[in-house]
Each structure stands twice: as structure tokens, then as C-alpha cells.
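Encoded as C-alpha cells, the structure appears first; notes follow it.
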Amino acid sequence: MAKEYIDGATAIARGALAAGCDFFAGYPITPATPILLHMLNELPKVGGVGIEAEDEISAIGMCIGAAMTGVRPMTATSGPGISLYSENIGLAIMGETPLVIVNVMRMGPATGGATTPAQGDVQFVRWGTSGGYPVIALAPSSVAECYTLTMRAFDLAERFRTPVFILVDKEMNYAMATVDIDEYVDAPVGQRPLVPQHRPRPAAVDGVRVNAVTGKPDPRLRPEETYLPYDFDPVDAVQPTSPFGGPHITRFTTSSHDEHGFLTKDADKVRRLNDHLRLKILNHRREMAFGVSDVQEEADALFISYGTTARAMREAVDRSREAGRPVSGLTLHTLWPVPEAMILDAVAGHQRIIVAELNHGQYIREIERLVYRDAAQRRILPPEIIGLDRADGELITPEQFLEVVNG
Amino acid sequence: MAVAPIQIEEPRKTYKNERPFPFCPGCGHTLILNHLDKALTKLQIDPTQTVIVSDIGCVGLSDQYFTTNAFHGLHGRSITYATGIKLANPDLNVIVFIGDGGTGIGGAHLINAARRNVGLTVLVFNNFNFGMTGGEHSVTTPHGAITATTRHGNPEWPLDICATAGVNGAGYVYRGTSFDKDLPDRMAEAIQYDGFALLDIWELCTAYFVPNNDFGRKEMLGLVDTLGLETGLLHHRQVRDYAHRMRELAVDLAGKPTLPLKPIEVKYPNNVAGKFHLVLAGSAGAKVRSAAKLAGYAGVMSGLWVTQRDDYPTTVKTGHSISEIIFSPEEIRYTGVSRPEALALISEDGLKKSGRYLANMTGDDILFTIPQFADVPTKARKIILDPKAAGVRITRTNLALLLMAAALRELNLFPIAALEEAVRRFQTRFADQNLPVIAASEHLISNS
Ligand SMILES: Cc1ncc(C[n+]2csc(CCOP(=O)(O)OP(=O)(O)O)c2C)c(N)n1
Ligand code: SF4
């Protein structure tokens, strides 16, 4: 059982490389910088490109542009950088851009504490751009999970053509830890669906142009575009794309667009586009739901946590059980979209739900929403939901968990 | 990326699609785009290998009228997307459409793309105001001009876009107007040019700037003189496109292993029964973290699970540096330390941050420190180590290792040979200096 002694940043960079990441643009910021350094060092070795951009707006902009040539980009920053990414996060959602964004969270607000662990950006990444469209966010809680979940992030970004956040914090990125090498589990990494390259273009049947994806004649097609990049069918299905430089021409746009990628204000078309952007994520939430549910039959209390805080939680669970007091623990690896079924399954049968996070209570809102709605629908009394928060730069300790459950 | 060849049976007569331009009558954008169509036709450019990246504004609508790839992005950021596209696929022709508005808000990107000489062709549609939002003033609005936001005359002076790009290294810089007959040729030249090319094309916004300022073709040409600016090709020098240059620089690196696994074999026994917390408290720049890391490697070589979390100010080489290490026979979940079984305290900075540890420690715990802190109040047992008695020269940068080594000897968590091996293996360059320090710690401990 060989071991390694490394930090999360190295595991994230390795996970990215294992997933085929070949483009990285970033701007230095503690505590995300180690990822930038790794990627700029390593990418040239695999024929990839890594660049320190002039600012965060440029960093994410370069990634989005690059993604449209078919590469797999990643960027890494912290809260202040996510603030500058905001408008472009919306662009990546609108343009259906596969993009992995690592947010190594630090204490806010504003510059806050650069070297202080925090989990204050959970709702920020979810609602961090205009329009309120869903994103995917994963939160590893060990060095080995940093590796595996980074691969998963690339898989989801590619298959759903969307930005995916990896939420870690200073603690996870910097702290050294022994890792059992067998725990670096490779996740399968898919590819964004592509328009078949071999189809002749422009192709026509009886003078009518043929859709390169479906092979069906389609009179709407323009000479230069033998497929409709945004003709969603069904509405929640990810459409094949054709990279810049490939055999077809492609349109990418920040504006509401029709099936060709031309600007439109036609309400039916805009609704279909916006439904697509929403439902391609929400209707597939089960495929994106990762976590570790450790439920004990006799337990009356369930802890829910994620990231660094889940480590203290798991220690508290072990200690409580050793002391003869059963307790359950749910470690969420997917924060967005909310893994609803996983959470409700774990909650069932518990009288007290304790949600622990290094902020003033952000994810607890999701748990409350879910659990209260479920209880109302089923006409049962909901369990008590208790927040265990901390936002002073210190970690939540196992003792704090035990106090809540025993007190 | 494999690119299927496309068959062009007959020469293309145009690169515009059948959609009519959406601009106001007389808008300069129409003229510039028609010039570009001529340039593309002249080059018979492969549309699949060409990307038009458009900014925001009326100019941002323009990519839709061409039968090439198109990328319509955010206000002022077109150059960032174009840079990403070019870096990822250096063989593409990347043409940027940006207004004077976009140039202003995205000025940093323009300067940096020019400085790097990213092989883009940037066409600035410079009509001296924001068209789309209603004729507000922009960075190129002339002094005194009337716009929606300078009703009493513009109090600012205009940005010289060409000079800005040129002075920062852009290889190809041209200033002209939408009326220039040679514009298609200049555009074709710029597209074929290897480095960063910028054409600052002055033009008329017939909806706003023209009526607000009685400004026509004649006045626009006059403005060039009033401002004392030169027109035509201002810079044309030999430079290599950044995207290609970046790849050329990386040639020797190809195929080198990336972040290879560094498996650590267990070679030494250990005497650790439960979680053991060890804190090293010193000053930034004094190799505290590196001494802690060596102890960590030594622990792993002794079959232990180890974590290390460091705390230090954002500044470098000043203030405190604290490393919290945990050794455990089982996997460690929680990495925090509130009551260390051992604290090695080596500086005033470290002491300032050790109050909580010292208060929580009991008579079962040990404080390792230097004579200076012999009187620090704590219930912990004290072991005072005098670096002067070490027999080797102890400096600010090896005191941390000396105390760490002494503590590990006394605590006997694992053989000191593990620490020595960690130095040889993970600090190869400094092994000669550091091994004698570890050896010296033996003498210190036996005399303490
Ligand atoms: C971040 C952001 N701020 C403001 C706007 C509003 N806006 C749209 S177009 C424009 C100005 C465009 O002027 P210019 O670049 O000169 O292009 P023109 O319309 O003259 O072609 C502005 C400010 C925006 N789209 N995005
Ligand atoms: S508002 Fe000005 S820039 Fe926009 S289309 Fe009209 S004339 Fe052209």
C-alpha cells in the first residue's frame, strides 16, 4: 500500500491532466496560485497551452475562446477572481462552453483573508451571474477526491457543455496529507458531442440541404451551415458541436439566439433556448449527484457537510459511534445542482439534521427548502434543521459537532 | 486537430451571407464590412479556418453577416476570446471587430495582446461615440464634441489607439477611414501578417455623432489634421505570432512526465498509538514549513498518516510561520490542532501565535524551546535547548530543523534515520548543510 505526501493543488492539477486538460489561463491569487503554477509548468509537456493572463476577465475569456476550438480548458481563482469572472460565467453558460473553474475559497467579504480557509462562495457560484441559470459545482473533501472530482468536473463540463466549478478552500489546496495511492480513482471522462466530421458539406438531397447531425434534408439550412447548432431536440438534450477549425462553420454568441446562432427576440425561440440551458442541467441532476452517505439505522441525528468541514464531521461521526452514540453523516461531493434524492434519502428517519459549513449558513437554505417542501408534500412533521456555522477563519472542530449532537 | 480539407469548386465571390446589414443608413460599419468582404474574397480565405470575434455594440452585430465561424462575446472582451482561440489553434485566422467603446472598456486586453503580439487582426470601428446605447462619449470622442454624456462639450482628450498599440509592440498598425480605397488591401495584408495587427478605422455614426456635431466626411478628415495625427501604415515590423512562439519555446518539453507520482515506501517502524499533534512555531522565512515537511515525509516513511497545515501572513519573510503536524496510525480526517502534545517554539513571532496552544497544553505535553523563552508560562513540561551548544553553526534558517530534530529524538515517534532519509531524498540540494544539524540535535537533547 504505497503512500504519497502531497497537497490538494497537486491532486487537482494531476486530475486535470488525466482528464485531458490542454488549456489553462489564470491570474495569480492566494490560495489558488499553486494550481496556476502547476498547470503552466506541466501543460507544455503535453502540447497544451498555459498562460498567466493580464487579469481574471482575460483569464476566463481566453478559456472560453479556446474551448470553442475543441480544447479542454481550466482556470483557477478565489472569491475576488470569481467576482471578475461573473459576466463571463454567464457567457460560458449561454455559449454552452465546457469549462472547469476551480474556486479555492478564501475568507470574504472583499479581500478578506487570503490565507484563511472559508466556504463562503457556495451560493455565490450558484447565483454569480445574471439570469439565474444553473451551474454544476463539486466539492472534494480529501486530497484523493481532489483528483477524482477534477476528472468528474471535466467529464460533466464536456458532456453537458457547461461551466463546472470545483469548490475547495485554502485548507484543501495547501495542506499536506498522506494519500494511499490506490485512492486516486480515475473517473471516466467523456467528450462533448461532436458533429460527425465525415459528412460531406454542403450536402444536398434533391436540392435541399442535409443536416449534418441528423442526415435529414432541412430547407432551413444555409449553404455554409449544414447543421443547426442550437436546434434542441428534445429540449434538455445537449447538442453536437463543431469546433472552430473543424469542417463546419460554427456560431457562438452571448445574445439570445435561434437554432442557427443568430440573434433573436422571438419569444418562442428565446424560451426554448432558455429552457434548454436550464433543463439540460436540472433534468440530469441524478447523473451529477455524488457524495458519501453514511447512515446508521438507529441514529436520530444526521450531519450534512462538504469540503474541509466534512473531514471534521467524519471524525465526529467516528468518535460519537465509538462512544456508543449512533449518528449519521452525509458528505456532499456535488453541491450544484442540489442532489435532492441523495439528501432526502439520507434525511429520512432522522429527527435532527445538522448542516455544517464555514460560512453564515448558505447550503442550509437548500436543505431547508428541500426538507420542508418534502414534509409538506407528504404531510409529515419535518425534522429539526440546525446550522453549525463558523466564519472566523478557524475550522469547525469535531468537538463542535459533538456538542450539537449531545447538547 | 485533424482538419478535413474542404472543396472549393469555384472561387468565392463573397463571404457575406444573404442577410442584409442592420445598420442605420450611412453608418460607417456597412462600409468597413464591405471592405472586409473584399479582403476575404481577395484572399479566398477558408471560412472554416477563420473566426470573426465581435465585441458589443452595433459593431457586435456584424459577425452574423459572414459565412465564417463567429464568436460574439462580451463588451470589451473580444480580444481575450480571440487570444484564447489563437493560442489553442494558432493556424486559425482570427479577426476581431471592436468599437471605440469596446476599446475603452477593454483597454488592458488591447495593450497586452499588442505587447504579446498575438497574431490577431483587430479592426477598430471608431465612430467617436457609443452607437448602440445612444451616442454617449467614448475614449476617442474629440475634445469639445457633443455627445449624450457631454452635452456641454467633451472636457476630455481622445485616446490615440494606434500610438498605444504601437508603443507597446504591436507589429502592424494602420490608421485610416472607412472611405479609404486601399482598405481591402490593408485588411488582407493584416490578416496575412504574423503578429498582432490593428487597423484603427475612423467612420461615421450617422445616428448620433454626425447630427450632434455637424460632422461629415470632410470634418472627419480634418480631425486627423487638427489632432496632428498621421494616417496610413504606421508600424510594420517583423515579429512572430505569440501563439506559434509559445509552442516553439515548448518544443523541448514535449513528452516529459507531468507531476509523476512520488510513492513513499514504508521503511521504518513507529511508536505512535493515536493522533499525535506537533506544532512548530517560528517566523516566516526561517524554513519552518520546510522543517515540518521533512518531519511529515519521515512520518510517512515510518508508516504513519500525516497532515500538515501551515499558517502565515500574506506577506513573505516577515511575521509568523506556524506548522501544525499530525501523525497518526490511521487516516486523519480533521487536520486542526488545538492542544498539541508537543510544541517547538523558536521565535518571538511564533510565541505571539502560540497563546492558544500554550494555554491548552497540560503536564503530559512538552514544550521544546530555546533559552530566550524558558520562562514562557505553560503547564507543559519544558525542554530548553541551547543552539549555542549544538556544535554546528545555527542560523535563522536552520534553527527550525534543529528543534524539530531534537523534538523528534526526544518524542521517539519514529527513528531519526527517517528524518535523515527525508533530507537526503526530498531536500537533496541542502542535504550537506542539513544532515549535520540533525546530528547536532542528539548532543543537544542529551545535554538538556
Ligand atoms: C458590461 C457592459 N456594459 C455596458 C453595456 C452596454 N453597451 C452596449 S453597446 C455599448 C457601447 C458600444 O459602443 P461601441 O463599442 O463604440 O460600438 P458601436 O455601438 O458604436 O458600434 C455599451 C456601453 C454592455 N453591453 N455590457
Ligand atoms: S447607431 Fe451609429 S453605429 Fe449604430 S448603426 Fe446607427 S449609425 Fe451605425
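Structural remarks
- The set of residues in region B:364-399 that are open to solvent by 50 Å² or more (accessible area, probe 1.4 Å) and among the small types (Gly, Ala, Ser) contains only B:391.
- Within region B:276-296, the set of residues being open to solvent by 10 Å² or more (accessible area, probe 1.4 Å) and out of contact with any Asp or Glu (no Cβ under 8 Å at 6 or more places or on another chain) comprises B:285, B:287, B:290, B:293.
- Any hit, region B:19-35, residues being open to solvent by 20 Å² or more (accessible area, probe 1.4 Å), within 11 Å of chain A (Cβ to nearest Cβ), at pLDDT 95 or above and under 25 Å from residue B:133 (Cα atoms): yes
- Screening region B:289-372 for strands (runs of 3 or more DSSP E) wholly inside it with 3 or more residues that are acidic (Asp, Glu) returns no ranges.
- Residue match in region B:327-342 (condition: on the phi > 0 side of the Ramachandran plot and either touching a residue at least 24 places away in the same chain (Cβ under 8 Å) or crowded, with 24+ Cβ neighbours inside 10 Å (or both)): no
One line per residue, one yes/no per condition, for (1) among the acidic types (Asp, Glu); (2) within 14 Å of chain B (Cβ to nearest Cβ); (3) closer than 30 Å to residue A:151 by Cβ:
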site	(1), (2), (3)
A:334	no, no, yes
A:356	no, yes, yes
A:384	yes, no, no
A:396	no, yes, yes
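- Selection count, region B:49-67, where residues are buried (at least 24 other Cβ atoms within 10 Å of the Cβ) and facing chain A (nearest Cβ under 7 Å): 1
- Per-region count, region A:157-198, residues open to solvent by less than 20 Å² (accessible area, probe 1.4 Å), acidic (Asp, Glu) and within 14 Å of chain B (Cβ to nearest Cβ): 3
- Of all the numbered requirements in (1) within 27 Å of residue A:17 (Cα to Cα); (2) open to solvent by 20 Å² or more (accessible area, probe 1.4 Å); (3) not acidic (Asp, Glu), residue B:267 misses one, and that requirement is (1).
- Output for region A:51-80, where each listed residue is free of Cβ contacts under 8 Å to residues at least 40 places away in the same chain, facing chain B (nearest Cβ under 9 Å) and not in a helix (DSSP H, G or I): A:51, A:53, A:54, A:55
- Considering region A:239-264, the residues that are in contact (Cβ under 8 Å) with a residue 12 or more places away in the chain and outside any loop (DSSP other than H, G, I, E, B) include one that is farthest from residue B:60 (Cα to Cα), namely A:241.
- Selection status of residue B:40, more than 10 Å from chain A (Cβ to nearest Cβ), within 16 Å of ligand 2 (Cβ to nearest atom), open to solvent by less than 20 Å² (accessible area, probe 1.4 Å) and over 20 Å from residue B:132 (Cα atoms): no
- Residue B:45 being open to solvent by 10 Å² or more (accessible area, probe 1.4 Å), out of contact with any Leu (no Cβ under 8 Å at 6 or more places or on another chain) and over 28 Å from residue A:87 (Cβ atoms): yes
- Selection of helices (runs of 4 or more DSSP H) fully inside region A:101-212 by the criterion of at least 2 residues being without any contact (Cβ under 8 Å) to a residue 40 or more places away in the chain and small (Gly, Ala, Ser) returns nothing.
- Conditions (1) within 14 Å of chain B (Cβ to nearest Cβ); (2) farther than 26 Å from residue B:334 by Cα; (3) buried (at least 23 other Cβ atoms within 10 Å of the Cβ); (4) of a type outside the set (Ser, Thr, Tyr): number failed by residue A:154: (1)
- Of all the criteria given as (1) open to solvent by 60 Å² or more (accessible area, probe 1.4 Å); (2) more than 11 Å from chain A (Cβ to nearest Cβ); (3) more than 27 Å from the chain's Cα centre (by Cα); (4) under 23 Å from residue B:343 (Cα atoms), the one not satisfied by residue B:317 is (3).
- Residue match in region B:155-178 (condition: in the same structural domain as residue B:242 (by TED's automatic domain parsing), within 16 Å of ligand 2 (Cβ to nearest atom) and at pLDDT 95 or above): yes
- Test for residue B:109: is it free of Cβ contacts under 8 Å to residues at least 24 places away in the same chain and either within 16 Å of ligand 1 (Cβ to nearest atom) or under 23 Å from residue A:249 (Cα atoms) (or both): no
- The lone exception for residue B:356 - which of (1) open to solvent by 60 Å² or more (accessible area, probe 1.4 Å); (2) under 37 Å from the mean Cα position of the chain (by Cα); (3) within 11 Å of another protein chain (Cβ to nearest Cβ) it fails: (2)
- Checking region A:1-18 against the condition returns a match, with at least one residue being open to solvent by less than 10 Å² (accessible area, probe 1.4 Å), at the interface with chain B (Cβ under 7 Å from one of its Cβ atoms) and of a type outside the set (D, E, K, R).
- Single residue of region A:27-50 satisfying the filter (at the interface with another protein chain (Cβ under 7 Å from one of its Cβ atoms) and of a type outside the set (Gly, Ala, Ser)) that is most open to solvent (accessible area, probe 1.4 Å): A:46
- Identity of the residue in region B:70-106, surrounded by fewer than 24 Cβ atoms within 10 Å (Cβ to Cβ) and more than 9 Å from chain A (Cβ to nearest Cβ), that ends up farthest from ligand 1 (Cβ to nearest atom): B:90
- Within region B:112-132, tally of residues that are more than 16 Å from ligand 1 (Cβ to nearest atom) and at positive phi: 1
- Pairs where the first residue, in region B:288-308, is at the interface with chain A (Cβ under 10 Å from one of its Cβ atoms) and the second is part of a helix (DSSP H, G or I) and open to solvent by 10 Å² or more (accessible area, probe 1.4 Å), C-beta under 7 Å, 6+ apart: B:297/B:426; B:301/B:421; B:308/B:293
- Test: residue in region B:118-139 that is within 24 Å of the chain's Cα centre (by Cα), within 16 Å of ligand 2 (Cβ to nearest atom) and open to solvent by less than 10 Å² (accessible area, probe 1.4 Å): no
- Residue identified as crowded, with 22+ Cβ neighbours inside 10 Å and within 44 Å of the chain's Cα centre (by Cα) among B:402, B:435, B:444: B:402
The values are calculated or read from the model by the stated rules, or taken from the named source; none is laboratory data. Worth saying up front: this structure is predicted, and the values here are computed from it rather than measured. As a convention, Cβ positions derive from the backbone with ideal geometry for all residues, glycine included, and neighbour counts pool all protein chains shown. Side chains included, ligands, DNA and RNA excluded: accessible areas come from the protein's heavy atoms. Shrake-Rupley method; radii C 1.70, N 1.55, O 1.52, S 1.80 Å.
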